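Read the structure below first, then the notes.
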């Protein structure tokens, strides 16, 4: 089954404790991205990657890091989480960014609470 | 830059009522337009899309027409069901993907 898998689905942690949210897709997609969803703000893009070893900032990259060492994986790293990063996070992928009419496939989300 | 504005919710309707969720966009060129749906506890799923002016996207009884003259892509359904209760996002794709803020729909029996 074609899917985007995120882990963990839920995490409660404390300020400053490094954490990683994993994202994996099994569709051989070139393009992957991370979003955060906050009430009244919709989805805002954090980082995206057009292919292996190619990453770029989205609209709200501060406080986050990503890497794309393999095509299927795109982890999101919070080196020193703060309470304002409490949010619902989604990973998404699509075949290739050049094909702008291709929809994105989303994971089920990761709810992070930073105390 | 590109942006999407959709009507604020929440929207509450009775079963079999007519649904319209308004969406307008700002773009420099000719974006593709999408509606995504998010059911509780899940990620976004593509509902329908349109890639050029006057295209109509449709799926599961929902429709939306790409109107370049009014820069709109309103979502409609003639008769909603309880199972349509979800959050709906309008989105455009041009230089990057932009999402609206989302509209929560609740359908009561």
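Pop the C-beta distance of residue A:65 and residue B:69 into the FRET formula with R0 = 41 Å and round what comes out to the nearest 0.05. With R0 = 41 Å, the Cβ-Cβ based efficiency is 0.40. Considering chain B at the alpha-carbon level, its Rg and Dmax are found to be 13.2, 42 Å.
Its Kirkwood hydrodynamic radius, worked out from the mean inverse distance over all distinct Cα pairs, puts the stretch B:8-71 at 13.4 Å.
Full extension of the chain between residue B:82 and residue B:30 yields a length gain of 15.2 nm, computed as 0.36 nm times the residue separation minus the alpha carbon distance.
Which ordering of B:107, A:14 is given by a fewest-first count of other beta-carbon atoms within 10 Å?
The most exposed by this proxy come first: A:14, B:107.
What do you get when you divide the Cα radius of gyration of the stretch A:15-73 by 2.2 N^0.38 Å, with N the number of residues? Dividing the Cα Rg of the stretch A:15-73 by 2.2 N^0.38 Å gives 1.18.
According to the calculation over all Cα-Cα pairs in chain A, the P(r) per 5 Å bin from zero is 2, 13, 24, 26, 19, 10, 4, 1, 0 %.
In the frame of its principal axes, the protein assembly as shown has Cα extents of 49, 38, 35 Å, reported largest first.
When each of the peptides B:35-48, A:57-70 is scored by the mean number of other C-beta atoms lying within 10 Å of its residues, the order from highest to lowest reads B:35-48, A:57-70.
All of the numbers you see were taken from the coordinates with simple rules; none came from a lab. What you see is a predicted model, and the numbers here were worked out from it, not measured in a lab. Using ideal geometry, Cβ is built from the backbone for each residue, glycine included, and neighbour counts are taken over all protein chains shown.
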